[in-house]
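The values are calculated or read from the model by the stated rules, or taken from the named source; none is laboratory data. Everything quoted here is computed from the prediction, not taken from an experiment. Cβ coordinates were reconstructed from backbone atoms using ideal geometry, including for glycine residues, and neighbour counts include every protein chain displayed.
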Amino acid sequence: MTLTAMNISELQEKAMDVVKSRYLLCILTSQRIHQLEKGAPPAIDVDPEEYSSPKTFLKLSLMEIIEGNMDIEKPESKIA
């Protein structure tokens, strides 16, 4: 099954394999959705017509995370 054929809950589970934190996944998808709403181009190869509506931005942002095309910063540990 391809990513485009998956539903949102399946994509969320696959994205959790990448991010490991539901909280961080929520933040990342929210930030990416806002970027897409402001006109940012998709970071993965998709049909622009299929993912041009705000209703599709959640699915698109999850697919970008799964494919590793989003910069996921890891917190740096501070040595005291």
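Could you list, in sequence order, all residues of the range 55-77 that are modelled with pLDDT under 90 and not basic (Lys, Arg)?
Kept after step one, since they are modelled with pLDDT under 90, are these residues of the range 55-77: 68-77.
Answer for the range 55-77, where residues must be modelled with pLDDT under 90 and not basic (Lys, Arg): Gly68, Asn69, Met70, Asp71, Ile72, Glu73, Pro75, Glu76, Ser77.
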Search result, residues across the range 1-35 that are assigned to a helix (DSSP H, G or I) and at positive phi
none
Members of the range 55-71 that are part of a helix (DSSP H, G or I) and in contact with a helix residue (DSSP H, G or I) (Cβ under 8 Å, 6 or more places away or on another chain)
Phe57, Leu58, Lys59, Leu60, Ser61, Leu62, Met63, Glu64, Ile65, Ile66
Does Ser52 satisfy the criteria of being outside any helix (DSSP H, G or I), out of contact with any Cys (no Cβ under 8 Å at 6 or more places or on another chain) and farther than 18 Å from Asn69 by Cα?
yes
Return the pairs, sorted by first residue and then second, in which the second residue is modelled with pLDDT under 90, the first residue lies in the range 23-46 and is of a type in the set (Gly, Ala, Ser), the beta carbons are less than 9 Å apart, and the residues are 6+ apart or on different chains.
Ala43/Asn69; Ala43/Met70
Tally time: how many residues in the range 1-22 are in contact (Cβ under 8 Å) with a residue 12 or more places away in the chain and aliphatic (A, V, I, L, M)?
6
